[in-house]
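The values are calculated or read from the model by the stated rules, or taken from the named source; none is laboratory data. All of these numbers come straight from a predicted model, not from anything done at the bench. Here the Cβ is made from the backbone with ideal geometry for all residues, glycine too, and neighbour counts use every protein chain on show.
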Amino acid sequence: MLSTAKMRTQTIKFSALSQLKPDYYFIQGYIMGIGANPFMISTSQWIADLFGDLDLGEEEQGAGIEALMQLYNQQMEKILELDIKLPAKCVLSKKDFEGSLASDAPLPNWCLGMLKSLKLVDETSLTADQSDELARTIYFLDTFTSLSKVKNIRCLTDGYEIEAHRAKRLLSTDVNNLIYCLRFDESKQTPKNSKFEKQENQFEEMMSFVMTESNAVVDQTIEAMITAFEKQYTDEYLIQHKGHLWLDNEARPYMTLRARRAQLNFERGDLSSAIDELQRLLELNSNDNQANRYTLANYLILEKRWAELDSLLTQYDEQSIFMLASRALMIFSQKGDCSESRSVKKVLKKANKHLEKYLTGQAKVPKHQPEMYAPGDKTEVFIYLSIAGKETWRSVDGALFWLRRK
């Protein structure tokens, strides 16, 4: 286990090499918000949300992930014990009140971090009491993100500085109460409603069926469910939400079904329809929370649609093995073994040392796929292979042999 100082140093270094570069206190607040969420957020999802793209070597990445997960585990232990305290540096100083609320100060950053992760809470699944508690906590977290917001603190009876100190003393209690209300108070869980429960269970059963089976009945069920969803959405609504439809929680099953339809089209050899489906999903959600871009890239390679692939790689310029592998194959297919293709291949191999041996059959892929992955880990390779990764390399003449060459 890392010392507290080493954990902090490694986490800060990890963050500095990321796209978003969150402050250390922002990271601590963010993790606290993840722990408050009554629903499981995958590690890969919240790391991507917190840091954005990562540009790390294997050694840096391993040390950073180790430190980050140790920090995460420490926070979770405090949450399970309902021993919630803000970091010692997150103070509202009487001597330097304004300095405590500067943009680079610990308190505002911690609050901003927790506010960001609380956006992942599915508010449609909360009870009225839980929603009220969440709104109350968000208000006070937001208050301490800047001096201007503190000056507008509600219920001003003794001046904003006095009110702010009172509210700050209660902030840990507010967060504690929120976590208890969202995660541990059984009396605040969604009330039983037999009709609602039955409908919800039926929908979950249908989703489980279409996501795991593959037959004509599945096709019909998916089409019926997609049609039912589309009847709810007007053209005006889709235009208004184009590019960020995933932010509508109620639209997520619809987008999941469409991604599944693309997968089934691929499995049956209808690559053109699968590609059209995934391209449409990226139009609806350009942030691509579903990671459809990775599957689409592989399908475009299989169809030798290099111009569209080049456009996709430009739109999503990232150093993941999913996109690096696609770029390497595109350049090799068009230019052969040249300095440009070798340069990308070198970066790809450095990004994940396990990729080559699983792609070339030197190691066996497990039957069961992981639910999440860590960049640079074997699990990342398993996910890549599950979305036609090996098929894409086999589709480009000489690519696997070229990959093994130094």
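Observations on the structure shown:
- Inside the stretch 371-406, residues that are under 18 Å from ILE65 (Cα atoms) and touching a Phe, Trp or Tyr at 6+ places or on another chain (Cβ under 9 Å) make up a count of 5.
Condition check ((1) surrounded by fewer than 19 Cβ atoms within 10 Å (Cβ to Cβ); (2) under 21 Å from LYS21 (Cα atoms)) across all residues:
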| position | (1), (2) |
| --- | --- |
| GLU81 | yes, no |
| GLU98 | yes, no |
| MET114 | no, yes |
| ASP122 | yes, no |
| ALA128 | yes, no |
| SER131 | yes, no |
| VAL150 | no, no |
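- Flag for LYS364 being charged (D, E, K, R) and touching a His at 6+ places or on another chain (Cβ under 7 Å): no
- Subset of the stretch 112-150 that is in a helix (DSSP H, G or I) and among the small types (Gly, Ala, Ser) - its residue that is nearest to the chain's Cα centre (by Cα): SER117
- Filtering the stretch 80-90 to residues that are modelled with pLDDT of 85 or more and in contact with a helix residue (DSSP H, G or I) (Cβ under 8 Å, 6 or more places away or on another chain) leaves ILE84, LYS85, LEU86, PRO87, LYS89, CYS90.
- Residue list for the stretch 16-34, filter: farther than 18 Å from CYS90 by Cα and crowded, with 21+ Cβ neighbours inside 10 Å: ILE34
- Scan the stretch 350-369 for residues that are without any contact (Cβ under 8 Å) to a residue 24 or more places away in the chain and under 27 Å from the mean Cα position of the chain (by Cα) and the total you get is 5.
- Of the residues making up the stretch 272-328, just one is within 18 Å of the chain's Cα centre (by Cα), farther than 20 Å from LEU247 by Cα and among the small types (Gly, Ala, Ser), namely SER320.
- Of all residues making up the stretch 93-111, the number that are among the aromatic types (Phe, Trp, Tyr) and in a loop (DSSP other than H, G, I, E, B): 0
- Search result, residues across the stretch 239-262 that are surrounded by fewer than 15 Cβ atoms within 10 Å (Cβ to Cβ) and either of a type in the set (Phe, Trp, Tyr) or under 23 Å from the mean Cα position of the chain (by Cα) (or both): LYS242, GLY243, HIS244, LEU247, ASN249, GLU250
- Qualifying residue in the stretch 233-243 (condition: in contact (Cβ under 8 Å) with a residue 40 or more places away in the chain and part of a helix (DSSP H, G or I)): yes
Results for (1) of a type in the set (Asp, Glu); (2) more than 20 Å from GLU230 (Cβ to Cβ), shown as yes or no for each residue.
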position: GLU267; (1), (2): yes, yes
position: ASP270; (1), (2): yes, yes
position: LEU278; (1), (2): no, no
position: ASN285; (1), (2): no, no
position: GLN290; (1), (2): no, no
position: ARG293; (1), (2): no, yes
position: ASN298; (1), (2): no, yes
position: GLU303; (1), (2): yes, yes
position: GLU308; (1), (2): yes, yes
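- SER93 falls short of the stated requirement of being modelled with pLDDT of 90 or more and crowded, with 21+ Cβ neighbours inside 10 Å.
- For ARG394, the criteria (1) charged (D, E, K, R); (2) in a helix (DSSP H, G or I); (3) farther than 18 Å from THR295 by Cβ hold in every case but one, which is (3).
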